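Okay, structure first, notes after.
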Amino acid sequence: MKETLAQFESRKKDHIRIALDQKSQAVGLSGLERVHLTPDSLPEINFKDVEISTSFFLHKMESPFFISSMTAGHQDSLQINIRLAKMAQEKKWAMGVGSQRKELDCAEASSEWRKVRKEAPNAALIGNLGLAQVIQTKTEDIRRLIDNLEAIALFIHLNPLQECIQKEGTPEFKGGLAAIQRLVKELQVPILIKEVGSGLSTRTLEKLKDSGIFAADVAGLGGTHWGRVEGYRAQPGEMVYEASQTFSDWGISTAEALILGKKLNPPFELWASGGVRSGLDGAKLLAIGAQKVGIAQPLMRAAVDGEEQLKAVMDRFDFELKTALFCCGCRNINELQTQEVWTWK
């Protein structure tokens, strides 16, 4: 039975509530605790000269951090997304928006993004749609979502576990690679692939090698686990709840997914998210070779509280990243990635 609009909105509200609950977090499984940066106590640079700016396609970003995709399409999401977009604009971070799936069936849903755009006209926003919907949707309809958002790129999220555990899920992925290749050819924006917390394995990345995508966010195990989130929407004893407990640690850690992915030397950028809780975590992933680092749950928690709280968290991430570079004797991200300052223990 097709999900009603009311059911969709209720599900999205559940996602925020449960994602902010510690039990949905795969704490200690990101692998970042095994990555160690080598300090240089004689850096021969000044802290003020440390530079963390980067670029994304034709856009200059003041930080390699981006706001990872979180929420959209319900009455509580508008204010959250306005706060996130306004701060993304101010801080010059890129921002992945929540799923735009609702717009496929409800034209009025685009009003959320028009309001967000009015508040943050210069924010670098990245669209977002699940693979199951991409497979079933015509290119012109997806182009409409991008135009409504004025998106600079499109995330296609891969979430097989979530779709299986979700009571309203659509675990229909046959033809997924062909659908990705179609959008690469037919859309005029970069196509980005991301997982949602279980990680992109080398097997998956190998499949994407000739797809033409711009980047893949490994989005590994260690942060919000969407199998757990969907399971906690059910009651103990229900099949999906029990299955979510079975698969509560399903996935490949963020750090391991990135390390193995880099060994493949793919023809696209590798980004990383999943369990990033500090600027130091971000520095570790950048040192391994990530081009961008995504943050979700800490920013969602702060955005719920208010703009000042959100800004404080984003400021802290950037400051901690600059501190990590300075203490490694690196002037910029390129030096962090080329001076072999990390070890795996």
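The values are calculated or read from the model by the stated rules, or taken from the named source; none is laboratory data. Since the model is a prediction, treat every value here as computed from it, not as a measurement. Note that each Cβ is placed from the backbone with ideal geometry, even for glycine, and that neighbours are counted across all protein chains shown. To get the accessible areas, we keep the full protein, side chains included, count just its heavy atoms, and leave off ligands, DNA and RNA. Shrake-Rupley method; radii C 1.70, N 1.55, O 1.52, S 1.80 Å.
Observations
Residue-wise test of (1) within 22 Å of the chain's Cα centre (by Cα); (2) open to solvent by 90 Å² or more (accessible area, probe 1.4 Å); (3) without any contact (Cβ under 8 Å) to a residue 24 or more places away in the chain.
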site	(1), (2), (3)
16	yes, no, no
19	yes, no, no
25	yes, no, no
29	yes, no, no
35	yes, no, no
39	no, yes, no
50	no, no, no
54	yes, no, no
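- Summed over segment 166-185, residues that are modelled with pLDDT of 95 or more and either more than 20 Å from the chain's Cα centre (by Cα) or open to solvent by 10 Å² or more (accessible area, probe 1.4 Å) (or both) total 12.
- Residue 116 vs. criteria in contact (Cβ under 8 Å) with a residue 12 or more places away in the chain and under 19 Å from residue 173 (Cβ atoms): no
- Counting residues in segment 267-279 that are open to solvent by 30 Å² or more (accessible area, probe 1.4 Å), touching a Leu at 6+ places or on another chain (Cβ under 7 Å) and in contact (Cβ under 8 Å) with a residue 60 or more places away in the chain gives zero.
- Just one of (1) open to solvent by 30 Å² or more (accessible area, probe 1.4 Å); (2) in contact (Cβ under 8 Å) with a residue 40 or more places away in the chain; (3) over 11 Å from residue 199 (Cα atoms); (4) not in a helix (DSSP H, G or I) fails for residue 263. It is (4).
- For segment 190-225, the set of residues classified as surrounded by fewer than 24 Cβ atoms within 10 Å (Cβ to Cβ) and touching a residue at least 60 places away in the same chain (Cβ under 8 Å) consists of 190, 202, 205, 208, 214, 215, listed by residue number.
- Test: residue 334 is modelled with pLDDT of 95 or more, surrounded by fewer than 24 Cβ atoms within 10 Å (Cβ to Cβ) and on the phi > 0 side of the Ramachandran plot: no
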